[in-house]
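Asker: So that we are looking at the same thing, I have put the structure below in structure tokens.
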Amino acid sequence: MMYREQYPAVRAYAAALTAASDVDDVVAETFAVAWRRCADIPTDWVRGWLLGTVRNVVRNGRRSMVRADRFVDRLSWLRGPFVVDDLADAVVDIDELRAGLGSLSNSDQEVLVLVAWFDLTPESLAVALGVSKNASAVRLHRARIRLRDSMNNATDEEVA
């Protein structure tokens, strides 16, 4: 009932806040949140609650995009500046980075993600991992080397 009544307003607001290609995803996520939190929705303000949720979903999506961009920027030391003239080249580089990360151990992935994605300093990384600052620095250094080597090996194999 709520879905049928509120769908047009939710979709219209999502369309006003985001790109046309993202509207369906925002609407779906909004109603998924509503389904999970149906007990929290005030019966007198269903539409207001849903539109507030649309706003939050869009903002969360934007924050995720910013974090993803920062993540790629922070790992750019692997191959020099991450500047592309062609979007297809950027996709290939991101796919290479994803493959390189995927080839690492969970421990190495965790260290790199904590530093690059969550912007942890060496001191903060040590606290997050529950190790000394020196141990966290060594783990980060080794993880970076393994990622660089993995990506270089993948590139060498493509050339051969």
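Asker: Of the numbered conditions (1) more than 24 Å from the chain's Cα centre (by Cα); (2) under 30 Å from PHE118 (Cβ atoms); (3) surrounded by 14 or more Cβ atoms within 10 Å (Cβ to Cβ), ASP40 satisfies every one except a single condition; which is it?
Answerer: Just one mismatch for ASP40, condition (3).
Asker: Enumerate the pairs (first residue in segment 10-37 and touching a residue at least 24 places away in the same chain (Cβ under 8 Å); second residue anywhere and outside any helix (DSSP H, G or I)) with beta-carbon separation below 8 Å, excluding pairs fewer than 6 apart on the same chain, so at least 6 apart or on different chains.
Answerer: From segment 10-37, the pairs are VAL26/THR18; ALA34/ILE41.
Asker: Read through the list (1) of a type outside the set (Gly, Ala, Ser); (2) surrounded by 15 or more Cβ atoms within 10 Å (Cβ to Cβ); (3) within 26 Å of MET65 (Cα to Cα); (4) at pLDDT 85 or above, then give the number of the only condition that ARG139 fails.
Answerer: Evaluating ARG139 over (1) of a type outside the set (Gly, Ala, Ser); (2) surrounded by 15 or more Cβ atoms within 10 Å (Cβ to Cβ); (3) within 26 Å of MET65 (Cα to Cα); (4) at pLDDT 85 or above leaves (3) as the failure.
The values are calculated or read from the model by the stated rules, or taken from the named source; none is laboratory data. Remember, predicted model here, so these are calculated numbers, not experimental data. Every residue, glycine among them, receives a Cβ derived from its backbone with ideal geometry; neighbour counts consider all protein chains shown.
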